[in-house]
Amino acid sequence: MSGVSQDNAVTGNRLTRALIYTVLIFFVIYYLLPLYVMVVNSLKPLDEIRGGNLMALPQNWSLQPWRDAWSAAQIGVEPTGLKPYFANSFKIVVPAVILSTIVGALNGYVLTKCRFRGANVVFALLLLSCFIPFQIVLIPAARILGLLGIAGTIKGLILIHFVYGIGFSTLFFRNYYAAFPTELIGAAQIDGATFFQIFTRILLPNSGPIIVVTVIWQFTNQWNDFLFGASFSGFDSTPMTVALNNLVNSSTGVKEYNVHFAGAILAALPTLFVYVVSGRYFVRGLMAGAVKG
Amino acid sequence: MATPSKPQFRWHIAVFLAPAVLVYTAVMIYPLFNTLRLSLFSEVDQDRVWVGLQNFRTLFGDAVWSDQFWNALANNAWFFMIHMIVQNPIGVALAAILSSPHLRFSAFYRSAIFIPTILSFVIVGFAWKLILSPIWGIAPGMLDSIGLKFLYQPWLGKEEYALTTLSLVSVWQYVGIPMMLIYAALLSIPDEILEAGECDGITGMAAFFKIKLPLILPSIGIISILTFVANFNAFDLIYAAQGALAGPNFSTDILGTFMYRTFFGFQLQLGDPHMGSAIASAMFGVILVGVCIYLFGIQRRLRNYQF
């Protein structure tokens with residue numbers, strides 16, 4: 001892995017060393033500053049923000065903006081806060097991530113280990129969803145959802161996210177399984193393992209890193225999705241990002257920036273949590289070849 | 001990959017693939033082709049009539065549409081250029097620094113830089129809008145404190161700066177992706193290769209440029225194509241920061257926002273699904289061309305370097 005013998009730009013040279021740390025610290029400040037501004041201002045009463053200095057620490061620490069953002073802020077017509085939308089996002093994203101990861105894993109397995117005629121065509125079609133602009137399918141997809149009777153519902157959004165997630169999951173798992181020794185699978189076949197036994201007993205237990213990469217990728221993409229949420233959600237299935245946008249870009253009433261900042265952080269928490277919990281496996285998964293040509 | 005030895009009728013593959021393929025076709029393939037098809041029709045007296053390539057002729061040639069289209073395309077190209085010349089080199093440089101041995105707190109730096117990548121556009125757009133705001137923002141004050149106040153402009157509000165500013169915000173958000181991918185690629189270079197280089201006296205910077213860089217070229221290729229696809233599909237950041245009108249005066253209009261306006265209409269303009277589909281098809285074409293150039297031109301050449 002990252003061998004100690006690995007010799008790099010730094011060969012004990014103090015000056016280079018200092019330079020490297022300076023560059024890194026500069027970048028860290030540049031990256032954490034906006035996050036700092038968000039956190040600090042979400043803890044201030046509004047008149048302190050009006051007073052001007054976004055950088056200053058709060059004089060009166062207050063959790064009120066957070067409470068407002070969570071359960072009292074005016075979003076659309078109802079003063080419900082972000083709570084119900086937060087729940088909606090979870091109800092949409094969790095099943096969609098699980099489904100698209102499972103299907104991606106199965107696809108990757110079938111596409112690499114049971115080569116059949118047309119496999120490349122199937123793969124190419126699956127890859128389409130990695131690079132087409134999503135706006136392109138909005139209107140026909142809306143009609144399909146209508147035909148299925150799930151337009152504007154949580155189920156509809158689960159279906160959309162699930163299907164659009166398949167492309168990247170399949171790509172990740174296919175690349176990962178392509179490097180998996182086929183001899184092991186042959187050996188299992190000789191021992192009489194069935195199609196699904198090979199998958200659940202041999203491939204899945206060895207897929208840890210790639211599952212982490214896929215789950216992080218899918219979760220962040222689907223949680224942060226705005227376009228599908230804005231186009232396909234109904235009154236009681238609006239996800240978090242759309243609600244947040246309604247909150248911060250509302251043109252009526254007083255602009256409560258502290259509440260907006262608190263809401264923005266609330267919207268960011270789940271993805272941050274996923275990254276913090278599984279981040280250390282992320283690099284390992286990437287190294288294992290999630291993204292290769 | 002090798003084929004399993006016994007060719008038999010593998011019904012389970014068919015059984016397994018069928019539902020996935022059906023759902024995928026219904027929700028993904030069919031809408032895609034339907035949009036491409038719609039672009040060849042137009043509405044005349046509330047009837048849908050076949051017009052062939054007329055919509056595209058209008059889009060590329062008729063000043064009412066083409067001015068907006070070429071403007072959006074040029075903006076989009078500029079948006080992509082900034083990512084290529086700012087985001088990717090910085091990402092590679094950061095990855096090279098982070099992968100140097102004995103670096104303290106490297107996980108901390110890595111995470112701090114990667115975090116914006118996992119946040120929503122809505123959050124990032126909102127935070128930067130306030131930071132750069134002439135009334136509230138901290139940007140004027142910070143420039144003042146280092147004596148560069150005269151440099152400050154209301155960047156997001158000026159036609160000549162808005163697009164570049166937004167591109168840089170997007171770079172700020174996404175530099176984590178090239179950094180992570182290159183970092184992973186650098187770590188997976190086998191030690192033996194580097195040791196062999198050391199024996200020949202290639203160390204430090206030379207080792208990076210002569211050994212590591214050629215080895216990670218395929219990863220850089222992938223990053224470039226991912227950037228290309230993401231940039232030409234971009235929509236959310238502009239929409240969240242500047243609205244569907246992509247102001248000031250359409251100076252931040254890119255293909256995504258242009259198409260959204262056309263498809264769904266805005267303010268006084270009615271939505272036009274046929275012209276919208278034509279723009280969508282043009283976008284699809286641009287991306288397809290880019291991806292093909294990568295797959296058949298660049299990737300093959302890069303692969304030759306692979307060990």
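The values are calculated or read from the model by the stated rules, or taken from the named source; none is laboratory data. Worth saying up front: this structure is predicted, and the values here are computed from it rather than measured. Please note: Cβ atoms are built from the backbone with ideal geometry, for glycine as well, and neighbour counts cover all protein chains shown.
Data overview
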quantity	calculated
Top-ranked residue in segment A:107-120 [being in a helix (DSSP H, G or I) and modelled with pLDDT under 80; ranked as nearest to the other protein chains (Cβ to nearest Cβ)]	A:K113
Some residue of segment A:41-57 being of a type in the set (D, E, K, R) and surrounded by fewer than 16 Cβ atoms within 10 Å (Cβ to Cβ)	yes
Residue within segment A:183-200 that is at pLDDT 80 or above, in contact with a Lys or Arg (Cβ under 6 Å, 6 or more places away or on another chain) and among the aliphatic types (A, V, I, L, M) present	yes
Residue count for segment B:25-55, restricted to those that are outside any loop (DSSP other than H, G, I, E, B), closer than 30 Å to A:F123 by Cβ and of a type outside the set (S, T, Y)	11
Matching helices (runs of 4 or more DSSP H) fully within segment A:213-293 where at least 1 residues are out of contact with any Leu (no Cβ under 9 Å at 6 or more places or on another chain) and modelled with pLDDT of 85 or more	A:240-248, A:257-287
Segment A:241-255, residues that are crowded, with 21+ Cβ neighbours inside 10 Å, out of contact with any Phe, Trp or Tyr (no Cβ under 6 Å at 6 or more places or on another chain) and not polar (S, T, N, Q)	A:V242, A:L244, A:L247
Subset of segment B:62-78 [closer than 14 Å to B:T227 by Cα and surrounded by fewer than 23 Cβ atoms within 10 Å (Cβ to Cβ)]	B:A77, B:W78
Those residues of segment B:189-217 which are facing another protein chain (nearest Cβ under 7 Å) and surrounded by fewer than 18 Cβ atoms within 10 Å (Cβ to Cβ), in sequence order	B:D191, B:E195, B:E198, B:T203, B:G204, B:M205
Any hit, segment A:219-240, residues being of a type in the set (A, V, I, L, M) and buried (at least 22 other Cβ atoms within 10 Å of the Cβ)	yes
Tally of residues being β-branched (V, I, T), within 9 Å of chain B (Cβ to nearest Cβ) and under 19 Å from A:V97 (Cβ atoms) across segment A:149-205	3
